[in-house]
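Enquirer: My questions will all concern the structure given below.
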Amino acid sequence: MSQFLWEYGGFALVIDYGHEREKTDTFRAFCEHKLHDPLLNPGTADLTADVDFLLLKEIAQKDDRLITFGPVTQRKFLKSLGIDLRLKMILQNASNNQKKHIESGYHMITDEDKMGNCFKVLSLFPFVLKNHLNKWSVTGFEDNNKIKS
């Protein structure tokens, strides 16, 4: 992805389960929504591993190819984008049943004990935008928006 963006341009936003090198082996399997031995019955379980966001960031920044912002938690990213205001607006015209579902979804993606902290967000930009990105902040990443030279 780093090579492609450097050669052809474009931007990327990476959102996934992840860590910043505080974990090591996160490879695991799930079968019927339960942890499962990945070596038993190949093809019957979903395989997954958490993304090492610091490794992605290091690779992207190698040889000044890309500029990165983040990683930040999904909670912080969505709050910065105004999810609370959007929730308030949507709830105004929702039925009581709809409100329950909307609020449940909101809590699922923002609560710290759910997806809010375990999902991380990383943005990638071509290095040629360095001066522009130093002047104007990238929404969702305001706290770490200055590019180190």
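The values are calculated or read from the model by the stated rules, or taken from the named source; none is laboratory data. Keep in mind that this is a model prediction, so the values were computed, not measured. Cβ: placed from backbone, ideal geometry, glycine included. Neighbour counts: every protein chain shown.
Enquirer: Could you give every pair whose Cβ atoms fall below 8 Å, whose first residue belongs to the stretch 96-113 and is touching a residue at least 40 places away in the same chain (Cβ under 8 Å), and whose second residue is part of a helix (DSSP H, G or I), counting only separations of at least 6 or pairs across chains?
Expert: Final answer for the pair search is none.
Enquirer: Which one is surrounded by the fewest Cβ atoms within 10 Å (Cβ to Cβ) among residues in the stretch 116-137 that are aromatic (Phe, Trp, Tyr) and not in a helix (DSSP H, G or I)? Explain how you work it out, then say what you get.
Expert: Kept after step one, since they are aromatic (Phe, Trp, Tyr), are these residues of the stretch 116-137: 119, 125, 127, 136.
Filter once more, so that each one left must be not in a helix (DSSP H, G or I): 119, 125, 136.
Working: Phe119: 21, Phe125: 21, Trp136: 9.
Filtering the stretch 116-137 for residues that are aromatic (Phe, Trp, Tyr) and not in a helix (DSSP H, G or I), the one surrounded by the fewest Cβ atoms within 10 Å (Cβ to Cβ) comes out as Trp136.
Enquirer: If you go through the stretch 97-115 one residue at a time, do you hit one that is within 27 Å of Lys23 (Cβ to Cβ), at pLDDT below 95, hydroxyl-bearing (Ser, Thr, Tyr) and surrounded by 12 or more Cβ atoms within 10 Å (Cβ to Cβ)?
Expert: The answer is no, given that none of the residues of the stretch 97-115 is within 27 Å of Lys23 (Cβ to Cβ), at pLDDT below 95, hydroxyl-bearing (Ser, Thr, Tyr) and surrounded by 12 or more Cβ atoms within 10 Å (Cβ to Cβ).
Enquirer: Can you list residue pairs whose Cβ atoms sit under 8 Å apart, with the first residue in the stretch 8-28 being under 21 Å from Gln61 (Cβ atoms) and the second being among the hydroxyl-bearing types (Ser, Thr, Tyr)? Count only pairs 6 or more apart in sequence or on different chains.
Expert: Pairs that qualify, where the first residue is under 21 Å from Gln61 (Cβ atoms) and the partner is among the hydroxyl-bearing types (Ser, Thr, Tyr), are Phe11/Ser123; Ala12/Ser123; Leu13/Ser123; Val14/Ser123; His19/Thr26.
Enquirer: Another question, then. Tell me, yes or no, whether the stretch 33-42 has at least one residue that is surrounded by fewer than 16 Cβ atoms within 10 Å (Cβ to Cβ) and either aromatic (Phe, Trp, Tyr) or touching an Asp or Glu at 6+ places or on another chain (Cβ under 6 Å) (or both). Can you show your working first?
Expert: Start the filter on the stretch 33-42 by keeping residues that are surrounded by fewer than 16 Cβ atoms within 10 Å (Cβ to Cβ), which leaves 33-35, 37, 39-42.
So of that shortlist, the ones also either aromatic (Phe, Trp, Tyr) or touching an Asp or Glu at 6+ places or on another chain (Cβ under 6 Å) (or both) come out as none.
No.
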